[in-house]
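The values are calculated or read from the model by the stated rules, or taken from the named source; none is laboratory data. All values derive from a computational prediction rather than experimental measurement. Positions of Cβ are generated from backbone atoms using ideal geometry, with glycine treated the same way; all protein chains shown enter the neighbour counts. What goes into the accessible areas is simple: the full protein's heavy atoms, side chains included, and nothing from ligands, DNA or RNA. Shrake-Rupley method; radii C 1.70, N 1.55, O 1.52, S 1.80 Å.
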Amino acid sequence: MARRLVIAILAAGLPLAACKLVKNEPPQVASAAGSVATSFDNPAFDPEKTVEEIWQPKLLPYLKAKAGSFAEVRALAPDEAGKRFGYRAVDSMPWTVAATVEGGITAADTSMRAATIEVDADGDGTSDLTVQIGPVFKGTALRDSLDFISFNSFANQIEYAKFGKALNAHIYNAALGALPRDKLVGRKVTLLGVFTLDDPKAKPLVTPAELSLEAAP
């Protein structure tokens, strides 16, 4: 009887020895690592192609028609500036406005990938706006400035995020990547750009849609 009991216990223990214990991840971790990535990440979606198809025929004409001069935009209260020169998808979001800028570059920070230039737009010798020149960009102001394309234009949030990044990458590849980064200060710059009115008192952080430098002296 004792021998049969020992055999039964050993047999019951065999499945445990053959099994591999797996860490029980929290639900949110498992979702991020598994179902979200596999269900939402559509390899057929091409954000760069989507941007290329709208950039010249739709995006630039839209922003040029929407934009006011930088001085005009900054002279207005946020709601008035937004209604005249901008767009927001819902009332709870800040306005994203379009503006044209002409001015002198007073400083350039190109030591990081999120490179920027400071621009004096009114000729007083001090910076009035910061312009992103990439290749890394903060925010999605270009995407958020468009009233003809929205979250509902995409299958899911991942595609919408990729589209925003592709817009930033497009202007970098088209114009900003070729800028002479060690010879920017003191040059005149002309640009069409967008920025968010999330803090009316703060210096705007502008993402360009077009940018050109005057010829070097």
Selected residue [β-branched (V, I, T), in contact with a Leu (Cβ under 8 Å, 6 or more places away or on another chain) and not in a loop (DSSP other than H, G, I, E, B)] from V73, V119: V119
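Being in contact with a Pro (Cβ under 7 Å, 6 or more places away or on another chain) and either assigned to a strand (DSSP E or B) or open to solvent by 40 Å² or more (accessible area, probe 1.4 Å) (or both): is that true of V131 here?
Values: in contact with a Pro (Cβ under 7 Å, 6 or more places away or on another chain): yes; either assigned to a strand (DSSP E or B) or open to solvent by 40 Å² or more (accessible area, probe 1.4 Å) (or both): yes.
In short, yes.
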Residue in region 166-175 that is of a type in the set (F, W, Y), under 13 Å from the mean Cα position of the chain (by Cα) and within 23 Å of K66 (Cβ to Cβ) present: yes
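Take the residues in region 92-112 that are of a type in the set (A, V, I, L, M, F, W, C) and part of a loop (DSSP other than H, G, I, E, B), then tell me which one is least open to solvent (accessible area, probe 1.4 Å).
Of all residues in region 92-112, those of a type in the set (A, V, I, L, M, F, W, C) come to 93, 95, 97-99, 101, 105, 107-108, 112.
Those still in the list that are part of a loop (DSSP other than H, G, I, E, B) too: 93, 95, 112.
Details: M93: 69, W95: 31, M112: 110 Å².
Looking at residues that are of a type in the set (A, V, I, L, M, F, W, C) and part of a loop (DSSP other than H, G, I, E, B), I get W95.
Considering only region 100-113, I want to know if a residue exists there that is hydroxyl-bearing (S, T, Y), within 13 Å of V189 (Cβ to Cβ) and either modelled with pLDDT of 95 or more or under 13 Å from the mean Cα position of the chain (by Cα) (or both).
First pass over region 100-113, keeping only residues hydroxyl-bearing (S, T, Y): 100, 106, 110-111.
With within 13 Å of V189 (Cβ to Cβ) added as a condition, the list becomes 100, 106.
In the following step, the residues that additionally are either modelled with pLDDT of 95 or more or under 13 Å from the mean Cα position of the chain (by Cα) (or both) were identified as 100, 106.
Yes, there is a match, as at least one residue in region 100-113 is hydroxyl-bearing (S, T, Y), within 13 Å of V189 (Cβ to Cβ) and either modelled with pLDDT of 95 or more or under 13 Å from the mean Cα position of the chain (by Cα) (or both).
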Selection count, region 175-191, where residues are open to solvent by less than 70 Å² (accessible area, probe 1.4 Å) and under 22 Å from K49 (Cα atoms): 3
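Which of the residues that make up region 113-128 are closer than 17 Å to G193 by Cα and either of a type in the set (K, R) or open to solvent by less than 10 Å² (accessible area, probe 1.4 Å) (or both)? Quick ask: steps written out before the conclusion?
Step one: of region 113-128, the residues closer than 17 Å to G193 by Cα are 114-122, 127-128.
Hits for region 113-128 are A115, I117, V119.
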When residues of region 76-91 are limited to those that are in a loop (DSSP other than H, G, I, E, B) and out of contact with any strand residue (DSSP E or B) (no Cβ under 8 Å at 6 or more places or on another chain), the one most open to solvent (accessible area, probe 1.4 Å): D91
